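This report concerns only the one structure given below.
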Amino acid sequence: MSKKNARIETLIEIIKNNSVGNQAELLRLLADKGIDVTQATLSRDLKMLKTSKVPLDHGEYAYMLPDALTAKITTPAKSSAFDRHPVSGFISIEFTGNLGVMLTRNGYASGIAYDIDMLNAPEIAGTIAGANTVFIAFREDVSHELAREILSQIVPVNDVYKPVNLPSDK
């Protein structure tokens, strides 16, 4: 096993088994396991793993891994967009006007928003992420079909989109 793979596996184990809220603490825990790494390398590893910081009940934050890294990934027999995006965390998207409201698994929103921003798509004005929701502002006159096409580069929006049935005003 390469040094990097061993470091990544150790980092995953630490995040899974500890409530770690900052990189200094992660560096110390890695050093305790015999892995000396720079803060810059740790930052790249955390980004590559698509970790996010989520709020805890007592007001502090802790790193969280995408669910696919904490459980075994099962591959469906037939090919789908989920094969191309196995760690996306995407649940659904709904459009209203020029806004997209994307629901994600808890802790995935900031990573997905970052990936959307990195597309540098001129049709997207910007994103705002919470723990499990991404607001996507599209420029005027961008159709919902074009928006789905752009987002499908990152998440499987066309495979699971289901419009929300709102109650009537009776």
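The values are calculated or read from the model by the stated rules, or taken from the named source; none is laboratory data. Predicted model only: the values in this text are computed from it and were never measured. Glycine gets a Cβ as well: all are built from the backbone with ideal geometry, and neighbour counts include every protein chain shown.
Comparison of G34, G59, G100 shows that the only residue that is on the phi > 0 side of the Ramachandran plot and at pLDDT 75 or above is G34.
The rows are residues; the columns are (1) closer than 29 Å to S43 by Cβ; (2) assigned by TED's automatic domain parsing to the domain that holds S43; (3) among the hydrophobic types (A, V, I, L, M, F, W, C); (4) at pLDDT 95 or above.
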| position | (1), (2), (3), (4) |
| --- | --- |
| R105 | yes, no, no, no |
| A113 | yes, no, yes, no |
| E123 | no, no, no, yes |
| I154 | yes, no, yes, no |
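Of the residues making up region 23-40, not a single one is in contact with a helix residue (DSSP H, G or I) (Cβ under 7 Å, 6 or more places away or on another chain), under 20 Å from G107 (Cα atoms) and outside any helix (DSSP H, G or I). Scanning region 142-162 for residues that are free of Cβ contacts under 8 Å to residues at least 12 places away in the same chain and charged (D, E, K, R) turns up E145, E149. Exactly one residue among G111, G126 is surrounded by 15 or more Cβ atoms within 10 Å (Cβ to Cβ) and either over 20 Å from V54 (Cα atoms) or out of contact with any Phe, Trp or Tyr (no Cβ under 9 Å at 6 or more places or on another chain) (or both), and that residue is G111. The numbered conditions (1) without any contact (Cβ under 8 Å) to a residue 40 or more places away in the chain; (2) touching a Ser or Thr at 6+ places or on another chain (Cβ under 6 Å) are all true for G111 except (1).
Inside region 94-108, can you point out the residues that are closer than 21 Å to V54 by Cβ and in contact with a helix residue (DSSP H, G or I) (Cβ under 8 Å, 6 or more places away or on another chain)? Spell out how you get there, then give the answer.
Looking only at region 94-108, we keep the residues that are closer than 21 Å to V54 by Cβ, and these are 101-108.
Passing the criteria: M102, T104, R105.
Test T70 against the criterion of being surrounded by 11 or more Cβ atoms within 10 Å (Cβ to Cβ), over 18 Å from V134 (Cα atoms), modelled with pLDDT of 90 or more and not hydrophobic (A, V, I, L, M, F, W, C), and give yes or no.
On the way: surrounded by 11 or more Cβ atoms within 10 Å (Cβ to Cβ): yes; over 18 Å from V134 (Cα atoms): yes; modelled with pLDDT of 90 or more: no; not hydrophobic (A, V, I, L, M, F, W, C): yes.
Answer is no for this residue.
Of these, S80, S52, S92, which one is modelled with pLDDT under 80, under 30 Å from E123 (Cα atoms) and either surrounded by 11 or more Cβ atoms within 10 Å (Cβ to Cβ) or in the same structural domain as I154 (by TED's automatic domain parsing) (or both)?
Working: S52 fails: modelled with pLDDT under 80; S92 fails: modelled with pLDDT under 80.
Among S80, S52, S92, only S80 is modelled with pLDDT under 80, under 30 Å from E123 (Cα atoms) and either surrounded by 11 or more Cβ atoms within 10 Å (Cβ to Cβ) or in the same structural domain as I154 (by TED's automatic domain parsing) (or both).
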